[in-house]
Structures are given as C-alpha cells and as structure tokens.
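The values are calculated or read from the model by the stated rules, or taken from the named source; none is laboratory data. Only a predicted model underlies this, so the values are computations on that prediction, with no experimental measurement involved. Neighbour counts are summed over all protein chains in view; Cβ atoms, including those assigned to glycine, are modelled from backbone coordinates with ideal geometry.
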Amino acid sequence: MSATAGTKAIFAALTANLGIALAKFVAFVFTGSASMMAESVHSVADSGNQALLLLGRKRAERPRSKAHPFGYGRERFFYAFIVAVVLFTVGAVFSLYEGWHKFGDPHPVESPIWAFGVLSFAIVLECFSFWTAISESNRVRGRQGWVAFIRRSKAPELPVVLLEDLAALLGLIIALMGVSLAVVTGDGRWDGVGSMAIGVLLAVIAIVLAIETKSLLIGESAHEDVEREIVTALEAGDEIERVIHLRTEHIGPEELLVAAKIAIRHDDTANEVAHGINAAEQRVRAAVPIARLIYLEPDLYEAAKRPSDTTSG
C-alpha cells in the first residue's frame, strides 16, 4: 500500500470524525440522548485512533539503530493494535454502560429535532470518509475481495479506517433508529437499547481488528504468490541449483525479511558462491522490491536431506 493512499484516508477520517464529534456533543446537550452520548464518545475515540495511526506511521520512519537493527516498521502494527484496544475499551464499554444505565432509568428524548439533524449531518460526513477509504483501497487491493483485502493487507491503516468507518455508519443508523423509536413510542428505553447495540457493534469490530493486527505484530510471512516470485528469482540463475527452504517475515508493511537455504554446485569455488549469492539477491530485489533484507545460506543439496534441514518454507 502506498503511503499517500493510507495517509489520505486517515486525514479524511480524522477531519470527518472531529466535525461529527462536535456536532454529536451539541445534540447530546440538547437531547440528553444516551445513543447520542455513545455516538459522541465513539467519534472522539475514532479521532484519537486516527491520530494514533498517524503517529505510528511517523515513528516507523525512524532509521535503524543498534538496539533495533531491523528498523521500526512494526510501530505501525503496534499502533494499529492500540486502536483496536481503544475502540473496545473507550467506544464499546462506554456505550454498553451508558445504554444499560439509560435502560434502567429511562427518560424521554428532549428536542429530538437536534438528534435527527445532527445524525443526518454525521451520516453525510461519515459517507465522505468511508467513500475516501474505499476509493484509496481500490487502488491497492487489486482483484481481492474486501474480506481478503482486510485479512491479507500488511499495511494496517486502510483496513483499520475501513472497519472504523463501517462501524461508524452502522452506529449512526442504529442511533437514528434508537432515537426514533424512543420518540415515537415515548419509551426512553429504546434509546438505551440503541446505545447498547452500538456497544456490541464496536466490540465486534474491535475484536476483528485486534485479531488481524496481532497477527501482523507477532510476525507474518509474505503472501504465497510473493514467496513464489522469490523462489523463481533465486532459481533463475545457473549458480543456484534449487531453493531448499525459504523463510519470509514482514518487519514492516513495505519491508520484507528473506532467509533461504540454497543448493549450490559441488565444485563451485568460494568466489563463485559469493558472486552467485550477490546475483541472486539482485534478482530477488528486482522481482520483489520490498525484500530489503536478504540472507542466503549456501549448502549442498544431498547434505541438506537430513531431517533437520528438510522443513519447507
């Protein structure tokens, strides 16, 4: 994923959420609606989440250090995981609490016109943010379906913004339904039900985000098609007979670690092996530009048939 695409989507979401949060708080003051309060906190949490994503991108750009020789690329995974935690603790838990409190002590929604107006305004802004995230995602997801894109993407920002915006839109619709039912029936408990439904929705989205970003945080290999490209590039030269096994791991969204044991010819000299490895690394970097760190271990294929060396990557 290009840095520009992710940053544009984040800024669009941040701008929309700040405006929405302010409008919702104003509506809550005039209506006393639990759903509006839940949605206000949800938008504040979302704004903080976008700030965390931007912070993660900035910190990931730091140069390698002695303490972190592979760089800081995983900072983006870490801050995306924090977003999931914030969405659950601040958004979901607060919405559930507020809804339960309102359900146990219901009171009519005051000045509902404020709630309807602000929710309509928020839906328009959220649609703008969601459309921006969809447009930016379409540039990089290729032929992947949306579920596959969210699960396979190594850059966390667009999947996070997509899921947040989806949750926000659904939350707004739920809030609109809760307030409407409370006004029509005169039963304020519907407002509490709406708030609790928003809390459940946010909890589900947060859990999905946590699962996906946790996998990236602890280390994921490259996609199978990328690994095939690496093997093809390694075996394209005469100096390598075959790849015995391959290991890859993303140390950042656009940075891949490649480690492989390669079979060389029996009669190659040390000089020929060294030149062959250098040529193989150049081919891999040309085929897979994100392969920044490459470590190749030469071996003889017959010797590599020992049980401890036959594990395939």
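Can you tell me which residue within segment 159-191, out of those that are surrounded by fewer than 24 Cβ atoms within 10 Å (Cβ to Cβ) and within 9 Å of the chain's Cα centre (by Cα), is farthest from residue 90 (Cα to Cα)? Among those residues, the one meeting the criterion is 162. For segment 255-291, the tally of residues that are assigned to a strand (DSSP E or B) and buried (at least 16 other Cβ atoms within 10 Å of the Cβ) stands at 9. When 210, 236 are checked against the criterion of being surrounded by fewer than 21 Cβ atoms within 10 Å (Cβ to Cβ), out of contact with any His (no Cβ under 9 Å at 6 or more places or on another chain), under 30 Å from residue 299 (Cα atoms) and of a type in the set (A, V, I, L, M), 236 stands alone in meeting it. Taking segment 264-280 as the range and being under 14 Å from residue 295 (Cα atoms) and hydrophobic (A, V, I, L, M, F, W, C) as the test, the residues that pass are 273, 274, 277, 279, 280. Among the residues of segment 136-167, what is the count of those that are touching a Phe, Trp or Tyr at 6+ places or on another chain (Cβ under 8 Å), farther than 12 Å from residue 6 by Cα and in contact (Cβ under 8 Å) with a residue 24 or more places away in the chain? Of the residues in that region, 2 qualify.
For the subset of segment 109-140 comprising residues that are of a type in the set (S, T, N, Q) and surrounded by fewer than 20 Cβ atoms within 10 Å (Cβ to Cβ), which member is farthest from residue 14 (Cα to Cα)? Among them, the one singled out is 111. Filtered by the rule that a residue be in contact (Cβ under 8 Å) with a residue 60 or more places away in the chain, more than 17 Å from residue 286 (Cα to Cα) and not β-branched (Val, Ile, Thr), segment 224-245 gives 241, 245.
Consider segment 286-313 and keep the residues that are of a type in the set (A, V, I, L, M) and at pLDDT 90 or above. The one that is nearest to residue 242 (Cα to Cα) is 296.
When restricted to residues that are over 17 Å from residue 287 (Cα atoms) and either of a type in the set (D, E, K, R) or free of Cβ contacts under 8 Å to residues at least 60 places away in the same chain (or both), segment 247-261 contains 1.
Check segment 14-35 and report whether any residue there is within 19 Å of residue 213 (Cα to Cα), part of a helix (DSSP H, G or I) and aliphatic (A, V, I, L, M). No: zero hits.
For segment 254-272, what are the residues that are small (Gly, Ala, Ser) and more than 30 Å from residue 221 (Cβ to Cβ)?
Hit for segment 254-272 is 270, nothing else.
Considering the conditions (1) at pLDDT below 90; (2) surrounded by fewer than 19 Cβ atoms within 10 Å (Cβ to Cβ); (3) among the small types (Gly, Ala, Ser); (4) within 38 Å of the chain's Cα centre (by Cα), residue 252 is excluded by exactly one of them, (2). Only residues that are in a strand (DSSP E or B) and touching a helix residue (DSSP H, G or I) at 6+ places or on another chain (Cβ under 7 Å) were counted in segment 229-249, giving 5.
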